[in-house]
1. Being crowded, with 16+ Cβ neighbours inside 10 Å, farther than 23 Å from residue 168 by Cα, in the same structural domain as residue 217 (by TED's automatic domain parsing) and modelled with pLDDT of 90 or more narrows it down to one of 111, 76, 124, so name that one.
2. Is one or more of the residues making up segment 34-41 assigned to a helix (DSSP H, G or I), surrounded by fewer than 19 Cβ atoms within 10 Å (Cβ to Cβ) and within 22 Å of the chain's Cα centre (by Cα)?
3. Please verify whether segment 254-269 includes one or more residues that are modelled with pLDDT under 85, of a type outside the set (S, T, N, Q), surrounded by 13 or more Cβ atoms within 10 Å (Cβ to Cβ) and not in a helix (DSSP H, G or I).
4. Taking residue 28 as the residue in question, decide whether it is modelled with pLDDT of 85 or more, assigned by TED's automatic domain parsing to the domain that holds residue 394 and assigned to a helix (DSSP H, G or I).
5. Among 159, 108, 163, 195, which is the only one that is of a type outside the set (Gly, Ala, Ser) and closer than 25 Å to residue 350 by Cα?
6. Residue 188 fails exactly one of the following numbered conditions: (1) in a loop (DSSP other than H, G, I, E, B); (2) under 30 Å from residue 251 (Cβ atoms). What is the number of that condition?
7. Name the residue that is nearest to residue 177 (Cα to Cα), counting only residues in segment 96-117 that are outside any helix (DSSP H, G or I) and touching a residue at least 12 places away in the same chain (Cβ under 8 Å).
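The values are calculated or read from the model by the stated rules, or taken from the named source; none is laboratory data. A quick note: this is a predicted structure, and the numbers were derived from the prediction, not measured. Cβ placement follows ideal geometry from the backbone for every residue including glycine, while neighbour counts extend to all protein chains displayed.
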Amino acid sequence: MSNVFYTVRKTLKDYVTGSNILIIATVLALLIVNLPGCHDFYNNLWTHEIALQIGSFNLFSHHGEPMSILAFINDALMAIFFFTVGLEIKREMIVGELRSFRQALLPIIGACGGMIIPVAIYAALAGGTDYAGGSPIPMATDIAFSLGVLTMLGKRVPISLKIFLTTLAVVDDIGGILVIAIFYSSDINFAMLIIAALLLGLLTLGGRMQIQSKMFYFGIGVIIWFLFLNAGIHPTIAGVLIALTVPARPLFDPRNYIGVIRHNIGHFAKEDDQALTRRTILTPDQMSWLKEIESASDKVISPLQDLEDTLHPLVNWLIVPLFAFANAGIFLGDVSFANVFEGVSLSIIAGLVLGKFIGIFAFSWAAIKLRMAPMPSHTNWKMLASVSMVGGIGFTVSLFIANLSFGTGDPYISHILNSAKLGILVGSLLAGVLGYLMLHFTLPKAGDPALADPDSI
């Protein structure tokens with residue numbers, strides 16, 4: 001059974017991308033909510049209550065009230081999404097592009113521009129309106145969709161450009177996390193927050209002591225999530241903080257692991273081949289040797305890497321698409337073409353398409369010209385401008401922040417939320433298409449000598 005599961009998982013990993021499933025989920029939501037008679041069904045579906053009851057205690061409750069399915073998706077499942085983001089951030093800080101300040105400086109500066117300018121454009125267009133509070137919406141870059149655009153162009157994309165965009169998106173995520181923590185938390189219960197802080201300290205101590213049990217971090221993590229939820233701090237922040245406590249160093253290095261493997265395999269080598277072939281039941285000694293190998297295999301993979309590898313399929317193929325399906329349903333019955341380019345929609349589109357492009361490219365240009373950071377290897381200004389446009393794909397985190405900004409349940413505010421979602425979809429689509437076309441015409445063509453000799457670019 002495990003072999004079947006592994007084969008299915010590997011096949012999905014090789015041939016199914018998170019961005020593809022995300023697109024399908026978004027299109028399905030748009031179709032269903034606009035089918036005759038389905039609009040009310042779609043909206044009512046997410047209002048049903050969900051509970052995990054232990055006696056009188058409900059884990060999925062907020063201030064004593066049961067969570068709706070929509071709240072469960074946005075506050076519980078998305079906490080797992082942000083947990084994986086936290087794992088990625090920690091990995092990048094230890095062995096990735098964020099481990100070296102100079103190496104990471106260009107995408108960090110570019111990401112800062114890609115957050116400041118979109119917010120400024122949105123604020124300028126929305127100043128004094130009922131939707132002015134949604135200014136952080138266009139500041140995010142969706143890593144799944146943006147990297148999906150680069151993937152469509154195959155080997156024509158220099159690896160340094162992919163690293164630049166990936167690092168930029170990670171820094172963007174950090175910015176989004178800080179915004180959520182600062183601006184979308186209220187009515188703080190300090191008693192609960194103090195308990196959560198003590199438990200985070202316990203997880204940190206466990207990480208320093210190299211506790212490898214994933215259940216240790218999961219069990220205490222669930223408690224911290226519940227405390228954050230009811231303390232007034234957005235619970236997705238708990239996911240990030242918990243992730244930062246998970247050990248990134250394995251108990252065994254690869255050399256020790258290989259030594260254990262060779263030692264125990266050597267026992268089998270001494271046995272008679274015929275006897276091994278005939279035997280269907282392992283001897284106690286053989287069981288012991290194999291358990292040593294199994295134990296060593298668990299110790300050579302760090303909890304951080306193990307959790308990241310385990311959760312990525314769950315997040316990419318289920319949680320994020322489910323989030324999109326629940327939040328991207330935009331009723332177009334009362335929307336005209338003019339509505340798309342006015343009000344909150346226009347502010348978001350301008351922020352994502354113009355703000356992201358100008359912010360990322362201008363700040364990166366200044367950093368390179370001032371010799372603060374080098375140009376990514378094997379790239380040029382046209383490529384950097386093109387990938388800056390791709391950075392305008394905001395989708396997942398933009399939708400998340402839009403819900404935090406306007407998801408109050410008030411009918412008037414719900415209308416603003418609907419328009420905000422429309423702006424996110426249109427803005428992300430425009431940025432993605434324009435970015436793809438710009439890259440298509442600026443990258444070396446297939447068979448171009450520049451691909452064989454990148455230094456000629």
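1. Numbers: 111 fails: farther than 23 Å from residue 168 by Cα; 124 fails: crowded, with 16+ Cβ neighbours inside 10 Å.
That would be 76, the only listed residue that is crowded, with 16+ Cβ neighbours inside 10 Å, farther than 23 Å from residue 168 by Cα, in the same structural domain as residue 217 (by TED's automatic domain parsing) and modelled with pLDDT of 90 or more.
2. No, segment 34-41 contains no residue that is assigned to a helix (DSSP H, G or I), surrounded by fewer than 19 Cβ atoms within 10 Å (Cβ to Cβ) and within 22 Å of the chain's Cα centre (by Cα).
3. Looking through segment 254-269, none of the residues is modelled with pLDDT under 85, of a type outside the set (S, T, N, Q), surrounded by 13 or more Cβ atoms within 10 Å (Cβ to Cβ) and not in a helix (DSSP H, G or I).
4. Details: modelled with pLDDT of 85 or more: yes; assigned by TED's automatic domain parsing to the domain that holds residue 394: yes; assigned to a helix (DSSP H, G or I): yes.
Against the criterion (modelled with pLDDT of 85 or more, assigned by TED's automatic domain parsing to the domain that holds residue 394 and assigned to a helix (DSSP H, G or I)), residue 28 qualifies.
5. Going through 159, 108, 163, 195 in turn, just one is of a type outside the set (Gly, Ala, Ser) and closer than 25 Å to residue 350 by Cα: 108.
6. (2) is the only condition that residue 188 fails.
7. 98
Every residue, every condition in (1) assigned to a loop (DSSP other than H, G, I, E, B); (2) touching a residue at least 24 places away in the same chain (Cβ under 8 Å); (3) more than 23 Å from residue 115 (Cα to Cα); (4) of a type outside the set (S, T, N, Q), yes or no:
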{"site": "128", "(1), (2), (3), (4)": "yes, no, no, yes"}
{"site": "138", "(1), (2), (3), (4)": "no, yes, no, yes"}
{"site": "168", "(1), (2), (3), (4)": "no, yes, no, yes"}
{"site": "180", "(1), (2), (3), (4)": "no, yes, no, yes"}
{"site": "216", "(1), (2), (3), (4)": "no, no, yes, yes"}
{"site": "225", "(1), (2), (3), (4)": "no, yes, yes, yes"}
{"site": "228", "(1), (2), (3), (4)": "no, yes, yes, yes"}
